[in-house]
Amino acid sequence: MDPKLVELYDTMGFIRNPDGSLTRIRENTADPTYAVDPSLVLTKDISINQSKNTWARIILPRQALDSPPQSKLPLILFFHGGGFIVAGPAEPSFQDFYRAMATLISAAVVSVSYRRAPEDRLPAAYDDCLESLHWIKDSDDEWLRNSVDFSRCFIMGESAGGNLAYRVGLRASASCAELKPLEIKGLILHEPFFGGMERTESELRSENDTVLPLDLTDLTWEVALPLGVDRDHVYCNPMVEIKANPGMFDEVKRLGWRIWVSGSKGDPTVDRQVEVLNALQNMGVKAVGRFIEGGRHGIELSDPPKAKELCIAIKEFVES
């Protein structure tokens with residue numbers, strides 16, 4: 001096998017077997033920064049579906065349990081990144097970001113796990129994330145019932161999680177009556193991980209990017225997408241579906257949902273994000289964008305000042 005491919009598989013924590021299958025040999029984790037005082041939040045984990053081994057981490061500002069009913073918190077249902085392949089709610093590098101969201105936005109954050117590729121290719125992750133919405137609306141968890149305003153729910157995701165939030169949001173919009181008393185107000189798509197067969201300018205500029213080089217993103221989609229499809233499948237390239245079905249957001253518009261799309265101009269996937277944002281706006285969706293100069297994919301997970309700026313901007317979106 002090409003030594004570069006071997007290195008890429010190792011980067012993702014896999015080895016490729018002679019029959020072409022992959023074996024996960026380790027979980028990749030990044031070191032936490034511990035910039036946000038852990039004592040500022042309360043955290044607990046709850047099972048969602050034992051048969052799938054899916055679960056959620058609930059993060060609340062510490063004062064939430066002491067607040068009167070009229071000060072219940074908005075809910076941010078968060079889908080983590082990791083290319084649909086690695087990481088989970090317990091990933092150490094995510095913990096500060098959860099704390100920053102909970103404290104700076106003043107919100108309840110529920111980060112959910114989902115089945116990952118290659119053991120479970122897409123759409124398994126979409127199914128699990130949609131199931132988490134139904135789990136929340138039926139939950140008898142005391143923290144959620146006493147501290148969360150179910151009428152102010154935002155579905156958010158970062159990177160691959162942004163892709164999940166986009167597609168799960170579309171699916172949820174078609175069955176919102178089934179989610180009562182949970183009411184979704186909008187989607188927060190932070191640097192959503194989209195792709196396609198034809199290279200964009202930002203992808204070509206970033207062939208040797210230190211975080212998302214092209215060969216790594218190609219390999220990620222090869223591992224995550226259903227067998228036999230290419231990167232113009234709608235799970236990867238949403239523009240294929242948008243161009244074919246311009247009315248696909250009619251229900252989102254009827255519900256009055258708002259959609260936020262954000263990222264960094266130094267991110268290889270930024271052109272995809274801007275293209276989707278422009279398409280949403282052209283269809284009359286209440287969509288707004290925020291793209292910082294420079295930066296890189298996932299910068300907020302390791303740069304506390306950037307995380308703070310992002311959370312303050314999200315707070316304005318949530319409260320607007």
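Since every read-out is calculated from the coordinates, none of them should be taken as a lab result. As the structure is a computational prediction, the values presented were derived from the model and not from experiment. Counting neighbours? That spans all protein chains shown, and the Cβs are built from the backbone with ideal geometry, glycine included.
Computed from backbone phi with θ = phi - 60° and the Karplus coefficients 6.51, -1.76 and 1.60, the 3J(HN,Hα) list for the range 51-56 is 5, 9, 6, 9, 7, 9 Hz; x is used for glycine and proline. For M197 and T11, a Förster radius of 35 Å and the Cβ-Cβ distance give a FRET efficiency of 0.90, rounded to the nearest 0.05. Cross-link pairs exceeding 24 Å in C-alpha to C-alpha distance, out of K265/K306; K52/K137; K44/K253; K253/K315; K253/K308; K265/K308, comprise K44/K253; K253/K308.
Structural descriptor for the range 248-320: relative contact order 33 percent, calculated from alpha carbon pairs under 8 angstrom and at least 6 residues apart. Karplus-based coupling profile of the range 86-95, in residue order and whole Hz: 10, 6, x, x, 8, 3, x, 5, 7, 4, with θ = phi - 60° in 6.51 cos²θ - 1.76 cosθ + 1.60 and x standing for Gly or Pro. With contacts taken as Cα pairs under 8 Å and at least 6 residues apart, the range 31-319 reaches a relative contact order of 18 percent.
Whole-Hz Karplus values for the range 235-252 come out as 5, 9, 10, x, 5, 4, 6, 4, 5, 7, 9, x, x, 5, 9, 4, 5, 4 Hz, taken residue by residue from phi with 6.51 cos²θ - 1.76 cosθ + 1.60 and θ = phi - 60°; glycine and proline positions read x. Largest GNM mean-square fluctuation across L255, L133, L227, computed for the chain with C-alpha springs under 10 Å, falls on L227. When +1 charges are put on Lys and Arg Cβ atoms and -1 charges on Asp and Glu Cβ atoms, the dipole computed for the range 31-319 relative to its Cα centre reaches about 860 debye.
Residues R99, R205, arranged from fewest to most other Cβ atoms within 10 angstrom of their Cβ, appear as R205, R99.
Rounded to the nearest 0.05, the FRET efficiency derived from the C-beta distance between A244 and R26 at R0 = 35 Å is 0.30. Calculated mean residue ellipticity, 222 nm, the chain: -10500 deg cm²/dmol, from DSSP H runs (n ≥ 4) at -39500 (n - 2.57) each, averaged per residue and rounded to 500. Computed about the Cα centre, the dipole magnitude for the range 26-145 is approximately 120 debye when only Lys and Arg (+1) and Asp and Glu (-1) carry charge, each at its Cβ. Using every pair of distinct Cα positions in the range 31-319, the Kirkwood expression returns a hydrodynamic radius of 19.0 angstrom.
How big is the antiparallel share of DSSP beta bridges in the chain, given as a percent to the nearest 5? Antiparallel bridges make up about 35 percent of those DSSP assigns within the chain. Normalising the average separation of contacting C-alpha pairs (under 8 angstrom, six or more residues apart) by the number of residues puts the relative contact order of the range 162-320 at 26 percent. For the pair the range 288-315 and the range 224-282, the centres of their Cα atoms are 20 angstrom apart. Counting DSSP beta bridges in the range 47-122, what percent are antiparallel, to the nearest 5? Around 55 percent of the beta bridges assigned by DSSP in the range 47-122 are antiparallel ones.
Among W257, W55, sorting on how many other beta-carbon atoms sit within 10 Å of each Cβ, with the fewest leading, yields W55, W257. Remark on F14: its backbone amide H falls under 5 Å from those of I25, a criterion applied only to residues 5 or more positions apart or on other chains, H modelled at 1.01 Å from N.
Quick note on the range 254-314: its Rg to Rh ratio, both from C-alpha atoms and Rh being the Kirkwood radius, is 1.02. With the convex hull of its Cα atoms as the shape, the range 85-132 has an orientation-averaged projected area of 3.7 nm². The ranking of R115, R26, R57, R171 from fewest to most other beta carbons within 10 Å of each one's beta carbon is R26, R171, R115, R57. Once both labels are positioned 7 Å from their Cα atoms along Cα-to-Cβ, the gap between L227 and R171 label points is 2.1 nm. For the pair E178 and S51, the difference between a 0.36 nm per residue extended length and the Cα-Cα distance amounts to 43.4 nm.
Rounded to 0.05, the FRET efficiency of the S39 and E319 pair, given R0 = 22 Å and the Cβ-Cβ distance, is 0.30.
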